[in-house]
Amino acid sequence: MRLDLAGKSFAGRPVLGPLRLAVERGQRVAVLGPSGIGKSTLLRILAGLDRDFDGRLEGRDRLAVVFQEPTLLPWRRAVANVTLPTGCPEAEARALLAQVGLSGHEDKFPRQLSLGQQRRLALARAFAARPDILLMDEPFASLDPGTAGRMMDLTAGLLDRSGAGLVLVTHDAAEAARLRAVPIRLAGSPAVPVP
Ligand SMILES: Nc1ncnc2c1ncn2[C@@H]1O[C@H](COP(=O)(O)OP(=O)(O)OP(=O)(O)O)[C@@H](O)[C@H]1O
């Protein structure tokens, strides 16, 4: 996928751009920068969730998005949270759940899972969609360091096996390094009007 972003504004206030970003299968990029710089906005644009910008987004890649909030179906069991949104066969969903360490939890509801387990369920769902490029927005935030580290290693392994590309939004350069992602630092908002 390729983004040529001339600029993005909210209610006339410029928040992002100009910038260019191209990512393909097998490539990993980490978008770094302080809070409020526009990282999530950039990810939403790449995901096609925000089309209100000046510029062009090109590419026919299959995308999957993992947000900080796991955004699960609360009334569906873990395995259905993987199969229903993706159409992936149940056997494949169970295999993916095993790969993210959720064996034995397949029939639990999201509320019966810890935050770390819910995040891993969202990760399994993302890979069940067989993405060319995985888009992740702060997926390791507010997990204890051990849990976050294990989830990063799981993510790296799934990326290796699937060949998917990655765009990771994070404020933590160590996360980028652990996922072997090329860091891109958002520098600053252009021409923000002084109130
Ligand atoms: N829907 C919106 N309407 C108006 N302004 C918005 C909207 N979404 C984001 N912004 C503003 O755009 C700027 C960039 O926000 P964004 O969430 O992309 O930053 P971020 O780098 O991801 O921050 P954080 O690391 O805190 O999540 C901020 O000034 C934010 O207030």
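The values are calculated or read from the model by the stated rules, or taken from the named source; none is laboratory data. What you see is a predicted model; the values in this text were computed from it and never measured. Note that each Cβ is placed from the backbone with ideal geometry, even for glycine, and that neighbours are counted across all protein chains shown.
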Problem set entry | Top-ranked residue in region 27-47 [being assigned to a loop (DSSP other than H, G, I, E, B) and at pLDDT 95 or above; ranked as nearest to the ligand (Cβ to nearest atom)] | ALA47
Problem set entry | Some residue of region 85-108 being within 27 Å of SER35 (Cβ to Cβ), surrounded by fewer than 20 Cβ atoms within 10 Å (Cβ to Cβ) and away from the ligand (no atom under 16 Å from the Cβ) | no
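Part of a helix (DSSP H, G or I), out of contact with any Gly (no Cβ under 6 Å at 6 or more places or on another chain) and either at pLDDT 95 or above or not hydrophobic (A, V, I, L, M, F, W, C) (or both) - does that describe any residue in region 99-107? Let's see the steps before the verdict.
Restricting attention to region 99-107, the residues satisfying the condition of being part of a helix (DSSP H, G or I) are 99.
Restricting the remaining residues to those that are out of contact with any Gly (no Cβ under 6 Å at 6 or more places or on another chain) gives 99.
From the residues that got through so far, the ones that are either at pLDDT 95 or above or not hydrophobic (A, V, I, L, M, F, W, C) (or both) too are 99.
The answer is yes, given that some residue of region 99-107 is part of a helix (DSSP H, G or I), out of contact with any Gly (no Cβ under 6 Å at 6 or more places or on another chain) and either at pLDDT 95 or above or not hydrophobic (A, V, I, L, M, F, W, C) (or both).
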Exercise. What's the number of the condition PRO85 fails, among (1) outside the structural domain of ARG185 (by TED's automatic domain parsing); (2) more than 20 Å from the chain's Cα centre (by Cα)?
Worked result: (2)
Exercise. Are there any pairs with C-beta distances below 8 angstrom linking a residue in region 150-173 that is away from the ligand (no atom under 16 Å from the Cβ) to a residue that is of a type in the set (Val, Ile, Thr) and assigned to a loop (DSSP other than H, G, I, E, B), with the two at least 6 apart or on different chains, and if so which?
Worked result: LEU154/VAL100; LEU158/VAL100; GLY165/VAL23; LEU166/VAL23
For this session: Six or more apart or on different chains, Cβ under 6 Å: which pairs go from a residue in region 14-38 that's at positive phi to one that's part of a strand (DSSP E or B) and near the ligand (Cβ under 10 Å from one of its atoms)? Could you list them?
Result: GLY17/LYS8; GLY38/VAL15; GLY38/LEU16
Exercise. Just for region 1-13: of the residues that are of a type in the set (A, V, I, L, M) and touching a residue at least 24 places away in the same chain (Cβ under 8 Å), which one is farthest from the ligand (Cβ to nearest atom)?
Worked result: MET1
Exercise. In region 17-26, what residues are assigned to a loop (DSSP other than H, G, I, E, B) and either within 18 Å of ASP4 (Cα to Cα) or out of contact with any strand residue (DSSP E or B) (no Cβ under 7 Å at 6 or more places or on another chain) (or both)?
Worked result: GLY17, PRO18, VAL23, GLU24
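Is it the case that ARG56 is at pLDDT 95 or above, exposed (fewer than 13 other Cβ atoms within 10 Å of the Cβ), out of contact with any Lys or Arg (no Cβ under 7 Å at 6 or more places or on another chain) and not in a loop (DSSP other than H, G, I, E, B)?
On the way: at pLDDT 95 or above: yes; exposed (fewer than 13 other Cβ atoms within 10 Å of the Cβ): yes; out of contact with any Lys or Arg (no Cβ under 7 Å at 6 or more places or on another chain): yes; not in a loop (DSSP other than H, G, I, E, B): yes.
Yes.
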Problem set entry | Condition met for GLU92 (outside any strand (DSSP E or B), at pLDDT below 95 and not hydrophobic (A, V, I, L, M, F, W, C)) | no
